[in-house]
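What follows is a single structure, written as structure tokens, with notes after it.
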Amino acid sequence: MTAMRTQIKEEEKQLESECRDPIDHQRDQQDEHRFRQEEEVTLLLSNPLNDTVLDHKIRHCSNSVVAAASTIEQARLHKEEGHLLVINSTSKKEKVSGERKAPEWKKLDANELGISHSMISKPTRVVLNGLKRKGYEVYLVGGCVRDLILKRIPKDFDVITSAELKQVRKAFHRCEIVGKRFPICHVHVDDVIVEVSSFSTSQLKSDGKFNGDVRKPLGCSKRDFIRWRNCLQRDFTINGLMFDPYANIVYDYMGGMADIKKTKVRTIIPANLSFVEDSGRILRAIRIAVRLQFGFTRDLALSLKELSHSVLRLDKGRILLELNYMLAYGSAEASLRLMVGIFAFHMALVDQPQDPLVVAVFILAVHSGGALLESVKIARRISQPYQSSFPELLEAQNPGSNNALMLKTINFAALVKTALRNMTDGCYVSKAMAKYPKAPSSDLVFIPMALFLRVSKIFEYVRRGTETRFVRRQGRRIDHDSLAMGSLEEVRHVFARIVFTTVYPPNQSNEN
């Protein structure tokens, strides 16, 4: 019996050495002692009977070490939630409600993906080099890797290292450990803060205890296991990528590259479980999809709809954090202009409801740079019904001649500008707030004068006539890059699309 056990161990070691990446071989030897301790803790914390049987059955059914590893983790997740997994002989696992195939582990050449070191910010390179010189392993992880692959400028760079947080703090003069549930290091380089996390703390549960639920699968190198386990804890597959800038390798354990090619946002664990685990991911999924112009997978879209109410349970600080992320980069300034413009437009309608044809001419004139006569002719040809349930819209009447319709449109444009100007008047805001006794008295204004001037440009040519050198906007698709650059033409285009489809909703049968 002893001889048989020895033979089995030798076969396992041989299989592991064959699977191991050459780059990782030397690193594995350095981490052998630490891993033995972790595996002892894992065995103590896990259920020995159930997990042993589960591991044996999955490995027996699977032809892939990678599939076995992912299946084991998914099975444990579903076992805790009471779901049933069905595993067949071709390594495919399906939950009764439908589960996707375990992704294949991939190691990709960063150069072939178009990633160069010059794309990494200088402060981040300082931190990476500082830790590398100390002999620690360092990686970029998360959304920054995704953005580098998409040739986008990351809003920040997240670094993860094999060093303990205390070792990171010793490596840099200006560095502190922050956070209690999930501690990280803030390394100050000039005026920039670079966030550094450690593999040792990323495997902790929210209660600060070691996460022993995930075992190293047979035949998997220890460094691969460390990276895979970290990526498994992330929110979306496209954020589960890890980049070693010194080996020039991008590690993809979650199928992130496939979803980037499909332009899809997909949760790493089933979406309903992911959103229950952290409802803040709902806001994050929407933000990422809008920013990247990605779609949702079917299960994510369904869970988004069914669990959207859970966002209300988030604390105010978390909601504020997510909103700050939304407004921190990209199209935030243009979107704010757009929001204020729509608000002023609605205030003008509330104060003085209009004929829907006047509203249509106004929208078309905004889109066409003030071409009023052309807008009138197009508006008269609109055949689809307007949204008659809006109290801000009068019952459609005969508007009279083209000149009369243009005059009404110009007058309405003046009302919009008046509503916009009222937002800069402290007295007007305080009078409006006086209707609410509990509201604090204040001399604040709704928007500053600088924003008023920028928003006014959206509507100014409706009153002044056709804009000189105006280039007609082609196509219906929103150009998010132009919007992010603050393009006035793109802001007008988006405004016109939003308002027109609200007042004249598309026919349901045509839309289908």
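Some notes on this structure:
- In the condition set (1) in contact with a Phe, Trp or Tyr (Cβ under 6 Å, 6 or more places away or on another chain); (2) over 22 Å from Ser198 (Cα atoms); (3) assigned by the TED database to the domain that holds Lys151, Met242 is compliant with all but (2).
- Failed item, numbered, when Lys107 is tested on (1) farther than 29 Å from Pro270 by Cα; (2) surrounded by fewer than 20 Cβ atoms within 10 Å (Cβ to Cβ): (1)
- If you go through the stretch 435-475 and pick out every residue that is at pLDDT 85 or above and of a type in the set (A, V, I, L, M, F, W, C), you end up with 9.
- Number of the exception - Asp481 against (1) charged (D, E, K, R); (2) at pLDDT below 85; (3) within 19 Å of Val350 (Cβ to Cβ): (3)
- Of everything listed in (1) crowded, with 17+ Cβ neighbours inside 10 Å; (2) outside the structural domain of Glu490 (by the TED database), the single unmet condition for Leu364 is (2).
- The condition of being buried (at least 16 other Cβ atoms within 10 Å of the Cβ), in the same structural domain as Arg463 (by the TED database) and part of a loop (DSSP other than H, G, I, E, B) does not hold for Gly341.
The values are calculated or read from the model by the stated rules, or taken from the named source; none is laboratory data. Because the structure is predicted, anything quoted here is derived from the model rather than measured. Note: ideal-geometry Cβ built from the backbone for every residue, glycine included; neighbour counts use all protein chains shown.
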